[in-house]
Amino acid sequence: MSDIPTGVQARTVRVLVAGQILAGLGTGASLSVGAILAVAVSGSEAWAGAAATLTTLGSAAAAIPLARLAMARGRRPALSLGALTAAVGSTVAVTAATLGLFPLLLLGFALLGVGSAVGLQARFAATDAAEPTRRGRDLSIVVWSTTIGAIVGPNLFAPGAVIAQAVGLPDLTGPFLIAVVAQLLAATTYLVLLRPDPLVLAKARPVVLSAEADEGIVRGRSTLVFAIAALALSHAVMVSVMSMTPVHLADQGASLVVVGFTISLHIAGMYALSPVFGWASDRFGRIRILLVGQLLFVMSIFVVAIGTANNAAVGVGLVLLGLGWSASTVSASALISDLVTGAERVRIQGRSDLFMNIAGAVGGASAGPVLALIGYAGLAWVVGVLVLAILGGATVITQSRRTA
């Protein structure tokens, strides 16, 4: 039986969800105009990708320091400090835009990326005090909550412009002003309401192996390496195709409305069904649902590659891409939490977030040249190699289980 008081884990998940909604709102509001602001301040369209690149690198750089802080002091100070850093990043971005200082804007983007690292750590915080049979579900609920900020945030440009005008600042700084408030509220939520600290509770409870470990599915370090690799490569698959979709659609003459709607559908696929995949990973096993995610990736690749000239087909492919990412990320993250216990778990979680962000950054940076060389369909086939690598790793792990 659990030694965690009744209701504590449920309250922990609720607080994490509230923090994620606020943080996601801030991130979505600011990054929705990040590319536009980068072009406006730098004066060159060549810097349009600076917002996405710097926030990804900022998230990667913060992953291990936040994990170390969590190990030393608990999740509460780590999450609140990360959200506070993102608020500082928004403030720096507003200052840079007002003064026209592009290098300072790049620093603001990097600090904003720490907010993404907080989101990744929050999903693991949901597993700290969770029962092994419910880790996937609790983790996925926190992932799902990102949907709200991701959908609402990009639509706050108009209200943000009104706020910016009211205080005498450039219109494009409006979403960043909203982000400052949202991130400060997120930091306060974590600092004040995340009590008792889930990681402190986890350190005090007896080690309980997951059902998968008891059944012999988990086999030491090789499975952990596979889980981290699958998480990182799945993220690279998603970022590579998603980041080039707006460029491809625009080249085909699609309107900004069509481009925005397609990306919105993709984001919905990423987050909306994550609780379903979390429940399924608890019920049917982490690796099985990870394989479901890879199957969805395969379907996405075929739809996108074959229907590349059809905007509707690209939209369907992007939804499947988001669903594949969701199933893969939820199941792989839960598997990582299953495999490691105690303080080592937090360190490994931080390392997995680092690799995930690096893979996404490499995937996004590489996708542009690949698109230029062999087109959008070619890009889809190329990322299929990553899917094959994950399927190969899953086959090895599954075979080792059967022969054990």
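Summary of computed values
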| read-out | value |
| --- | --- |
| Qualifying positions in the range 115-132 - part of a helix (DSSP H, G or I) and either modelled with pLDDT of 85 or more or at positive phi (or both) | Gly115, Ser116, Ala117, Val118, Gly119, Leu120, Gln121, Ala122, Arg123, Phe124, Ala125 |
| Subset of the range 3-57 (residues that are modelled with pLDDT under 85, part of a loop (DSSP other than H, G, I, E, B) and closer than 20 Å to Ala97 by Cβ) | Ser32, Val33, Ser44, Ala48, Gly49 |
| Helices (runs of 4 or more DSSP H) lying entirely in the range 190-276 (those with 3 or more residues that are of a type in the set (Gly, Ala, Ser) and at pLDDT below 85) | 220-251, 256-271 |
| Selected residue (criterion: surrounded by the fewest Cβ atoms within 10 Å (Cβ to Cβ)) from residues of the range 271-289 that are under 12 Å from Gly136 (Cα atoms) and touching a Ser or Thr at 6+ places or on another chain (Cβ under 6 Å) | Pro275 |
| Verdict on Leu169 being closer than 26 Å to Ser44 by Cβ, out of contact with any Cys (no Cβ under 6 Å at 6 or more places or on another chain) and outside any helix (DSSP H, G or I) | yes |
| Sole residue being within 23 Å of Ala63 (Cβ to Cβ) and in contact (Cβ under 8 Å) with a residue 40 or more places away in the chain, chosen from Val142, Val181 | Val142 |
| Number of the condition not met by Arg135 [criteria: (1) in contact (Cβ under 8 Å) with a residue 12 or more places away in the chain; (2) surrounded by fewer than 20 Cβ atoms within 10 Å (Cβ to Cβ)] | (2) |
| Single match in Val298, Val303, Val319 (criterion: under 17 Å from the mean Cα position of the chain (by Cα) and surrounded by fewer than 24 Cβ atoms within 10 Å (Cβ to Cβ)) | Val319 |
| Check on Ala78, buried (at least 22 other Cβ atoms within 10 Å of the Cβ), within 29 Å of Ser281 (Cα to Cα) and without any contact (Cβ under 8 Å) to a residue 60 or more places away in the chain | yes |
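Listed here are the residues, each with its yes/no results for (1) free of Cβ contacts under 8 Å to residues at least 60 places away in the same chain; (2) of a type in the set (D, E, K, R); (3) buried (at least 16 other Cβ atoms within 10 Å of the Cβ).
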| residue | (1), (2), (3) |
| --- | --- |
| Arg347 | no, yes, yes |
| Gly350 | no, no, yes |
| Ala365 | no, no, yes |
| Ala372 | yes, no, no |
| Val387 | no, no, yes |
| Gly392 | yes, no, no |
| Ile397 | no, no, yes |
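The values are calculated or read from the model by the stated rules, or taken from the named source; none is laboratory data. What you see is a predicted model, and the numbers here were worked out from it, not measured in a lab. Quick reminder, even Gly has a Cβ in these numbers, built from the backbone with ideal geometry, and neighbours come from all protein chains shown.
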